[in-house]
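Okay, structure first, notes after.
Just so it is clear, none of the values below were taken in a lab; they were calculated from the coordinates. Just so we're clear, the structure is a prediction, and the values are computed from it rather than from any experiment. Because the Cβ atoms are built from the backbone with ideal geometry, glycine has one as well, and the counts that use them run over all protein chains shown.
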C-alpha cells in the first residue's frame, strides 16, 4: 500500500527532505521525558528549557547532529546510597529537536535543575531576481544539461 504524501503536488518542488524530516519527527515522538518548554525570547530568539532535576553538567551532553539538536542525559548510579523511596527519576534520556535551516545555537546553561538552550533565528533577506527568457534554437543549444549527480557542465560553483 502506498502512502499519500502531503507534498505530492506538482507545484511543490524540492520538498523531499522536508517530508523526510516530518516523518522522522512523527516516528520519534518520545515518551515525554524530560518535560520541556520552548519560548520566544525577543524578536529573533528562542529558548528551550528542559526540566533535568538531579542532573549535573557532567551528566548532560548537548550536540548538534546535522539539523538536529540532541540532548542526552545519563546519571551515574551511586551504589553507596540506599533509597527507602525513590520518586525522583534517575534514568537516562535523549531528547531531539529538529532545527530549521539558519537557526543557530547560542549557548546553554544549567540553573536550579533547568537546562536552558538559547537559539537565534536570523531573519532571511527578501530576495527577488529577474530571470532572462531566451528565444530560438540558439538558446536551446546553450542550455546546460544536468547529469544524475546534479553537476552542471560548464558552470563554475
FRET E, pair residue 56, residue 121, Förster distance 30 Å, beta-carbon r, rounded to 0.05: 0.50
Whole-angstrom gap from the range 43-63 to the range 87-124, using each part's C-alpha centre: 5
Approximate spin-label separation residue 112-residue 70, in nm, with each point projected 7 Å along Cα-to-Cβ: 3.2
Peptides 97-103, 116-122, 75-81 ordered by average Cβ neighbours within 10 Å, highest first: 116-122, 97-103, 75-81
Compactness relative to 2.2 N^0.38 Å, alpha carbon Rg of the range 67-106: 1.81
Residues 134, 74 arranged by fewest to most Cβ contacts within 10 Å: 134, 74
For the range 16-123, projected area of the alpha-carbon convex hull averaged over all directions, nm²: 8.3
Percent breakdown of C-alpha pair distances by 10 Å bin, ordered from the shortest bin, for the range 36-85: 18, 39, 27, 12, 5
